[in-house]
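Here's the structure, in structure tokens; my notes come after.
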Amino acid sequence: MSTQPAYQRILLKLSGEALLGDQQFGISPEVTAFLAHEIKAVVDIGVQVALVVGGGNIYRGERLARAGMDRVTGDQMGMLATVINALALQDAIERVGGMQARVQSAIRINEVCEDFIRRKADRHLEKGRVVVFAAGTGNPFFTTDSAAALRAIEIEADLMLKATTVDGIYTADPKKDPDAKRYDELTYDEALHKRLGVMDQTAMVLCRDHGMKLRVYDMDRPGALLKIITGDMTIGTRVNR
Ligand code: GTP
């Protein structure tokens, strides 16, 4: 297998739920350590890595929303949850050894981490540091998938990856429908028209309009990230314009 990267700069979107591991709540140290090692494998071959992480392992707004909580307040709580996850990832990445990480937040929280400043993120990435973008877009009504799409476009990533618990995009939910088929490749318009629940529509339209390539893959498979980055086209589902 080639160890030459096929992509120079990537943005990896992790869901908050992915950090749960076997737990019902919070952050699994085994999962963050596993992710840090997967990331190190690609940093070691010179790939610049940015991360966006969700917050669903710490805060899910639906129940409070149903009970009448103000949507903007709920979304701000979700943003703070992503900051907690970003700090855990920063710590896990630096503890692996041989890697540095910087958290940049879309909302100002300077005692805890840097602000999102694109040019500074650029410099960190050029220096081989992993940059974790926290607090989504900093705005309510946007998902962390949309934040990932936005940041991927802003930093001119060559590829955006969405790490999930299934190995790509299927015609139906493979956990519920045994006849569901996996797509090797799709266009954003197909995914939008078929309403395949891969990302929210805002995120997909952003990626489509800016020609951002997306790979949806199973993050639980050890070595999958390195394989994708070194040119394996068979893993997961590729989404293109
Ligand atoms: P270079 O400028 O390339 O040397 O990058 P650097 O990130 O090492 O330098 P800088 O002096 O900007 O930051 C030093 C440390 O302080 C790093 O760990 C940063 O993450 C951290 N840091 C920088 N700005 C802030 C901030 O606004 N808030 C917090 N909490 N930490 C910050």
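Pairs linking a residue in segment 80-95 that is at positive phi to a residue that is open to solvent by 10 Å² or more (accessible area, probe 1.4 Å), with Cβ atoms under 7 Å and 6 or more positions apart or on different chains, do not occur. Would you mind stating whether Gly136 is away from the ligand (no atom under 16 Å from the Cβ), surrounded by 17 or more Cβ atoms within 10 Å (Cβ to Cβ), of a type outside the set (Phe, Trp, Tyr) and not in a helix (DSSP H, G or I)? Criteria met by Gly136.
Within segment 149-165, is even one residue over 30 Å from Asp115 (Cβ atoms) and either at pLDDT 95 or above or hydroxyl-bearing (Ser, Thr, Tyr) (or both)? There is at least one residue in segment 149-165 that is over 30 Å from Asp115 (Cβ atoms) and either at pLDDT 95 or above or hydroxyl-bearing (Ser, Thr, Tyr) (or both).
Look at (1) free of Cβ contacts under 8 Å to residues at least 40 places away in the same chain; (2) under 28 Å from Gly231 (Cβ atoms) and you find that Thr32 fails only one, number (1). Give Leu89, Leu125, Leu80 a once-over and let me know the one that is aliphatic (A, V, I, L, M), crowded, with 20+ Cβ neighbours inside 10 Å and more than 11 Å from the ligand (Cβ to nearest atom). Of the residues listed, the single one that is aliphatic (A, V, I, L, M), crowded, with 20+ Cβ neighbours inside 10 Å and more than 11 Å from the ligand (Cβ to nearest atom) is Leu89.
Screening Lys176 with (1) assigned to a loop (DSSP other than H, G, I, E, B); (2) among the charged types (D, E, K, R); (3) touching a residue at least 40 places away in the same chain (Cβ under 8 Å) gives one miss only, at (3). The set of residues in segment 93-122 being farther than 21 Å from Asp75 by Cα, open to solvent by 40 Å² or more (accessible area, probe 1.4 Å), more than 10 Å from the ligand (Cβ to nearest atom) and assigned to a loop (DSSP other than H, G, I, E, B) consists of Gly98 alone. Just to be sure I understand, how many residues within segment 149-172 are over 20 Å from Lys13 (Cα atoms) and open to solvent by 50 Å² or more (accessible area, probe 1.4 Å)? Within segment 149-172, residues that are over 20 Å from Lys13 (Cα atoms) and open to solvent by 50 Å² or more (accessible area, probe 1.4 Å) number 1. All of Val198, Val216 fail the test of being touching a residue at least 24 places away in the same chain (Cβ under 8 Å), closer than 30 Å to Ala33 by Cα and part of a loop (DSSP other than H, G, I, E, B), apart from Val198.
The values are calculated or read from the model by the stated rules, or taken from the named source; none is laboratory data. Just so we're clear, the structure is a prediction, and the values are computed from it rather than from any experiment. No Cβ is skipped: glycine too gets one built from the backbone with ideal geometry, and neighbour counts run over all protein chains shown. To get the accessible areas, we keep the full protein, side chains included, count just its heavy atoms, and leave off ligands, DNA and RNA. Shrake-Rupley method; radii C 1.70, N 1.55, O 1.52, S 1.80 Å.
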